[in-house]
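Below is one structure, written out as structure tokens; comments come after it.
The values are calculated or read from the model by the stated rules, or taken from the named source; none is laboratory data. All values derive from a computational prediction rather than experimental measurement. A quick note on method: Cβ atoms are made from the backbone with ideal geometry, for glycine too, and the neighbour counts reach across all protein chains shown. Each accessible area value is taken on the protein alone, full model and side chains, heavy atoms only, with ligands, DNA and RNA left out. Shrake-Rupley method; radii C 1.70, N 1.55, O 1.52, S 1.80 Å.
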Amino acid sequence: MACKRGALIVLEGVDKAGKTTQCKKLVQALELSGRPAEMMRFPDRTTTIGQLISAYLEKKSDLEDHTVHLLFSANRWELVPLIKKKLEQGTTLVVDRYAFSGVAFTSAKPGFCLDWCKNPDVGLPKPDLVMFLQLSPSEAALRGQFGEERYETSTFQKRVQQRFEELMKDTTVNWKVIDASQSVENVHTNIQDHSLNAINKAQETPLGTLWK
Ligand code: NYM
């Protein structure tokens, strides 16, 4: 009998919400409980496309706004064969940002609508669960200064937050909002509960297609 597929689990949120910490803790907890799990992150800065994106984010290069949007999307598509292979092998993937960040960040720029931004990512593997780590701009500010990369300003992050709120109205995606202002352990427990449900459900359902 073929083994049961893993779940595609995504963590989203504005910068400083604690996504990376929580992704790592979730992978550790799943592994400890005997469920194979691996972390992925987007952008994946290790590929050739990822290096172009990284230089742009670090302000070492300039790229036209549409172009960089398409590169972020291409960076996801280039990893689709690996994502599908891992899921089929029964490994749950915990992903730090996905197409939702892609849409929220580009559409926070002037002159971009959600529909245009979503288009290149239509057809990607659909996450079984997307957890949005909710943190107000004032709480984010308490966690220290933003970094030096592009987009790391509170004005831009507020616009990104609004775009995420628009995206979360889409009921075809399994969104769960997590209060990221709680302690790291409480946030983790919350995330773990939702993830175990999603992993169980994913075993019985085929992988879906995003925004189609
Ligand atoms: N970002 C991330 C985008 O603008 N589009 C995307 O598709 C994705 C996945 O890149 N500010 C932005 C969000 C972040 C930055 O930061 C990546 P980090 O710290 O590597 O998650």
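Brief remarks follow.
- Sequence-separation-based contact order of the stretch 1-125, relative, with Cα cut under 8 Å and 6+ spacing, percent: 40 percent
- Loop trypsin sites (Lys or Arg not before Pro), the stretch 71-174 (other Cβ atoms within 10 Å of the site Cβ: 16 or fewer; DSSP): Arg143, Arg150, Lys169
- Computed from the C-alpha gyration tensor, the three semi-axes of the ellipsoid equivalent to the stretch 8-209 are 25, 21, 16 Å, from longest to shortest.
- Of all aspartates and glutamates in the structure, the ones whose alpha carbon falls short of 20 Å from that of Lys84, not counting any fewer than 8 places away in one chain, are Glu31, Glu38, Asp44, Asp96, Asp121, Asp128, Glu204.
- Other residues lying with their Cβ under 9 Å from the Cβ of Glu58 contribute a combined charge of +1, Lys and Arg counting +1, Asp and Glu -1.
- Charge tally for Thr48 (other residues, Cβ to Cβ under 15 Å; Lys, Arg +1; Asp, Glu -1): 0.
- From helices alone, the chain scores -14000 deg cm²/dmol at 222 nm; the rule is -39500 (n - 2.57) for each run of n ≥ 4 DSSP H residues, then divide by the residue total.
- Calculated from backbone phi, Karplus (6.51, -1.76, 1.60) coupling profile of the stretch 195-212 in Hz, x at Gly/Pro: 5, 5, 4, 5, 5, 4, 5, 4, 5, 9, 10, x, 5, x, 10, 6, 6, 10
- The residues neighbouring Asn119, those whose beta-carbon lies less than 14 Å from its own, together hold a net charge of +1 under the Lys/Arg +1, Asp/Glu -1 convention.
- Rounded tilt (10° steps) of 154-167 against the dominant C-alpha axis of the chain: 50 degrees
- Shape call, the stretch 158-206: gyration tensor on alpha carbons, a/c limit 1.5: oblate
- Taking the stretch 81-183 and dividing mean pair separation by its residue count, relative contact order in percent (alpha carbons under 8 Å, at least six apart): 36 percent
- Expressed as a whole percent, the accessible area of the chain that falls on carbon and sulfur atoms is 52 (1.4 Å probe).
- Beta bridge orientation in the chain: antiparallel %, DSSP, nearest 5: 10 percent
- Each Cα pair under 8 Å and six or more residues apart adds its separation to the average, and for the stretch 8-209 the resulting relative contact order is 32 percent.
- Taking GluC sites (Glu not before Pro) as exposed when their DSSP state is a loop state and no more than 16 other Cβ atoms lie within 10 Å, the longest site-free interval of the chain runs over 79-147.
- Loop-resident sites, the stretch 40-135, for chymotrypsin sites (Phe, Trp or Tyr not before Pro), counting at most 10 other Cβ within 10 Å (DSSP): none
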